[in-house]
Structure formats: structure tokens, C-alpha cells
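Notes follow the structure.
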Amino acid sequence: MTNECKKGRNIKDSTSDMVNLTKNVDQTDDLKYNRRAFLKTAVGASMALGLSTVPFSVRAMMGIAEDEGERLEVARMDELPEGNSMTFNYPTESDAAILVHTVNGELVAYNSACTHLMCPVFYEKESDILLCPCHKGYFDVSNGQPVAGPPQRELPLIELEVENGIIYATGRKYRHG
Amino acid sequence: MGSFMPREGSTAMDKKMCWILIFLTIAGNVVMVQWTVEAYLGREFEQVVVYSGIGVVLAFIALIVYINWRKLEYSTEGHR
């Protein structure tokens with residue numbers, strides 16, 4: 001009885017299905033995909049998730065020093081009758097914003113990129129609401145909070161000042177209300 | 001043979017605890033990633049640093065627990 005005989009008995013000579021089931025066992029897979037490998041992957045996933053937050057905090061620490069409260073002339077009051085809106089850029093040229101003179105006579109301004117997927121929002125005079133047409137997201141015009149649709153966060157609020165009939169943007173608030 | 005049984009039992013319990021802790025760190029880190037991104041988009045920079053710090057701490061806890069688990073796992077299996 002040599003080892004070769006045993007191999008031959010189990011693999012080649014037998015016609016039994018039960019014996020031939022051993023052909024399904026792949027030793028390489030057994031060594032690769034097992035309980036230990038699963039736990040190692042879980043640890044890797046946990047560490048990857050935890051460390052993936054680091055770039056955000058590095059950017060945040062750089063962002064804390066940024067000052068974006070610059071005063072900018074936006075429009076004249078007589079150019080913007082009640083129920084109308086206009087677009088401008090604040091605080092930088094790449095930050096689109098919308099200035100609304102609501103039907104109630106209120107002056108409000110927000111960055112117009114929808115907080116869902118950055119589509120521009122528009123003012124709907126009839127229903128006095130801000131609408132993102134891409135996925136039907138609605139924002140309350142008086143405070144910029146989402147009221148319907150996919151957006152979860154409010155629109156960044158641009159603080160305004162009116163002086164001698166001229167509207168100025170003076171700062172921006174991301175979390176408000 | 002019998003003298004090994006209590007030790008084996010406690011080791012199994014320790015290893016189970018390691019599994020639980022590692023899965024808890026995964027759950028915690030998923031939440032921290034979500035909160036960090038949310039705070040970052042809302043320009044709440046102080047919060048970003050706090051959540052990110054917690055995420056890093058949980059990642060290190062996972063690593064330490066894993067090292068402990070590896071010590072237990074490979075020392076007991078080595079007797080076979």
C-alpha cells in the first residue's frame with residue numbers, strides 16, 4: 001500500500017459520486033477564502049473607512065483660516081421688483097447665487113447650487129418657492145430649507161444689506177435656521 | 001487534555017470579543033464617514049475634525065484588536 005495507490009483509489013478508479021465529490025474541493029480557495037481572511041478583510045475595511053476621513057479634516061483645518069465675508073454690490077432695488085429674481089456670483093466667480101425679491105416683499109439670497117446634485121435652483125413666483133428642476137427638489141424661499149424632494153441640506157444663505165437703494169452681499173452662512 | 005479545556009474556552013470567548021469589537025469599529029467608522037462628509041459639506045469644520053479624530057481612533061482600535069486576535073488565534077491553532 002503506497003501513497004500512489006491511495007490516490008488512485010480515491011480519484012481515478014472509483015465511480016462513486018460520493019468519492020468524486022472531493023473533486024469539488026479546491027484547496028487554494030480553502031486557504032484564500034476562510035474565516036481568518038474574512039476577519040482580516042473586515043479589519044482592513046474598518047481602517048480604510050476610519051482613515052478616509054483624514055483628508056476631510058486636513059482640508060477643514062486649512063478652510064478654518066479662510067475668510068470669505070467680502071462686501072459686494074449685487075443690484076439696485078429698482079432693478080428687482082417684487083416676485084422677481086436675478087443671478088449673481090458670491091463669494092467667488094465660481095459660486096452661483098440667486099437673489100430673490102419675494103412676492104411678500106422680502107429680500108433673500110442663496111447660493112443656487114442645489115444641495116442634492118448641484119443643479120441650479122430657480123424661483124417660482126406662482127408658488128413662492130425655490131425649485132431645482134433636475135430632481136424636483138423644493139426649498140422654502142424664506143429660509144432656504146428643503147421642503148420636498150431629494151435635497152437634505154439647506155441652501156447656503158447669503159447675508160444682504162440694503163444701503164441707499166443698493167443691495168450688497170456681506171457674508172455667507174452654510175448652516176442656518 | 002482536560003486541563004486545556006477551560007483555557008480553550010476562555011480563548012474562544014476572547015476571540016469572539018475581538019470579532020465583536022472589530023465589527024463595532026466598522027459600524028462606528030461608517031457613521032463617522034457619513035457625519036464627516038455631512039459636516040464638511042456644511043462647512044462645520046470643527047465638527048469635521050472631531051468626527052475624523054473619532055474615525056482614526058476607531059481605526060487604531062480595530063488594528064490593536066486585530067493584533068490581539070491574531071496572537072490568540074495562531075497560538076491556539078498551533079497545538080493541533
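The values are calculated or read from the model by the stated rules, or taken from the named source; none is laboratory data. Keep in mind it's a predicted model, so treat the numbers as computed, not measured. Here the Cβ positions follow ideal geometry from the backbone for every residue, glycine too, while neighbour counts run over all protein chains shown. What goes into the accessible areas is simple: the full protein's heavy atoms, side chains included, and nothing from ligands, DNA or RNA. Shrake-Rupley method; radii C 1.70, N 1.55, O 1.52, S 1.80 Å.
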Quiz item: So what are the ³J(HN,Hα) numbers for segment A:33-38, from phi and the Karplus equation (6.51, -1.76, 1.60; θ = phi - 60°), rounded to whole Hz, Gly and Pro as x?
Solution: 10, 9, 4, 5, 5, 4
Practice problem: Using a 1.4 angstrom probe on the protein heavy atoms only, line up A:Thr92, A:Thr170 by accessible area, largest first. | Solution: A:Thr92, A:Thr170
Quiz item: Residues with amide H under 5 Å of A:Cys119's amide H, sequence separation 5 or more or different chain, H placed in the peptide plane at 1.01 Å from N; which?
Solution: A:Cys114
Quiz prompt | For segment A:124-136, 3J(HN,Hα) per residue [Karplus equation, 6.51 cos²θ - 1.76 cosθ + 1.60, θ = phi - 60°, Hz, x = Gly/Pro] | solution = 9, 5, 4, 9, 6, 8, 9, 10, 9, x, 4, 10, 6
Exercise. Return the long-range amide H neighbours of A:Ala75 (sequence gap of 5 or more, or a different chain), with a cut-off of under 5 Å between placed amide H atoms.
Key: A:Ile167
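Restricting attention to segment A:20-129, which GluC sites (Glu not before Pro) occupy a DSSP loop and are surrounded by at most 16 other Cβ atoms within 10 Å? Numbers along the way, then the final one.
Details: sites: A:Glu66, A:Glu68, A:Glu70, A:Glu73, A:Glu79, A:Glu82, A:Glu93, A:Glu106, A:Glu124, A:Glu126; in loops: A:Glu66, A:Glu68, A:Glu70, A:Glu82, A:Glu93, A:Glu106, A:Glu126.
The qualifying sites are A:Glu66, A:Glu68, A:Glu70, A:Glu82, A:Glu93, A:Glu106, A:Glu126.
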Quiz item: What are the residues whose amide H is under 5 Å from the amide H of A:Asp95, where those residues sit 5 or more places off or on another chain and H is modelled from the backbone?
Solution: A:Tyr90
